[in-house]
1. So if each residue of separation counts as 0.36 nm, and I subtract the Cα-Cα distance between Tyr156 and Tyr5, what length gain in nm does that give?
2. Taking the square root of 5 times each eigenvalue of the Cα gyration tensor, what semi-axes in Å does the equivalent ellipsoid of the stretch 39-133 have, largest first?
3. Out of the DSSP beta bridges found with both residues in the stretch 1-118, what percent are antiparallel (nearest 5)?
4. Using a simple spin-label model with points 7 Å from Cα along the Cα→Cβ vector, what separation in nm is obtained for Asp94 and Gln117?
5. Starting from a Cα-only point model with no solvent, please compute log10 I(q)/I(0) by Debye for the chain at q = 0.10, 0.17 1/Å.
6. Each label point is 7 Å from the Cα along the Cα-to-Cβ direction; what then is the distance between the points at Ser42 and Val208, in nm?
7. Counting only heavy atoms of the protein chains, get the accessible area per residue of the stretch 1-56 (1.4 Å probe) and round it to a whole Å² value.
8. Compute the Rg/Rh shape ratio of the stretch 152-197: radius of gyration over Kirkwood radius, all on alpha-carbon atoms.
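The values are calculated or read from the model by the stated rules, or taken from the named source; none is laboratory data. If you're wondering where the values come from, they're calculated on a predicted model, not measured in any experiment. Please note: Cβ atoms are built from the backbone with ideal geometry, for glycine as well, and neighbour counts cover all protein chains shown. Side chains included, ligands, DNA and RNA excluded: accessible areas come from the protein's heavy atoms. Shrake-Rupley method; radii C 1.70, N 1.55, O 1.52, S 1.80 Å.
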Amino acid sequence: MQPTYFDISLPLTNGMPIYPRNPKFTCAPHQRMADGGTSNVSRIEMGTHTGTHVDAPLHLLDGAPGVESLAMSSLIGPTRVIDVANSAVPFNRDQVEAQIAGASRVLFKTRNSERIQHGNFEFFPDYVAMDPEVAEVLVEHAVVLVGIDSLSIERYGAVGRPTHETLLRAGIVILEGLDLSEVTAGDYTLMCLPLRIVGVDGAPARAVLMK
Ligand SMILES: [Zn+2]
């Protein structure tokens, strides 16, 4: 049987939504054949946490590894999509513990996916985020990657970054800015390939689920 592929990445485009206080995404012509250039070449400018992206430990821990050091064995492999879209905000330890057995990578589909579908949205600060107590469950279960359908896994306005810290200290890759609107709960294979930018805190990624 032919596999089905689900592209769960947000489109990168001028005017796309960006987390507050992060650089805007811009893509503009650098050289155009229509203007006498030998080829068409564009120039992009963006933050390292733009659209669908991964966070490296260096994002919050000075001196920790950058994005180029993330293990392929974490970024690629069997992955469970857990649907918490009907849950109260935010979802909690009990809901996750009931669904996490045997999963080494977990993506949380929340109510956000309805709102960020295909990238047509304005940043909304009341996005569903992950509580630190859920991060602890993931550490206890030796999960290697966690993803969510919001531009940050942390609650907006949280004091400190407790969810990020718990995950990054445990070496868990954080994948943010997913669009899970076309995906239902279940087990898939994830391919998540962040750009190999050296010595930085995060990088945009193409993320695809295969069934
Ligand atoms: Zn990030």
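1. Numbers: separation 151, 0.36 × 151 = 54.36 nm, distance 3.14 nm.
Contour length minus Cα-Cα distance gives 51.2 nm.
2. Ellipsoid semi-axes (Å, largest first): 27, 21, 15.
3. 55 percent
4. Label-label distance for Asp94 and Gln117, simple model: 3.1 nm.
5. For the chain at q = 0.10, 0.17 Å⁻¹, log10 I(q)/I(0) is -0.42, -1.18.
6. It works out to 1.9 nm between the two label points.
7. 65 Å²
8. Over the Cα atoms of the stretch 152-197, Rg/Rh equals 1.01.
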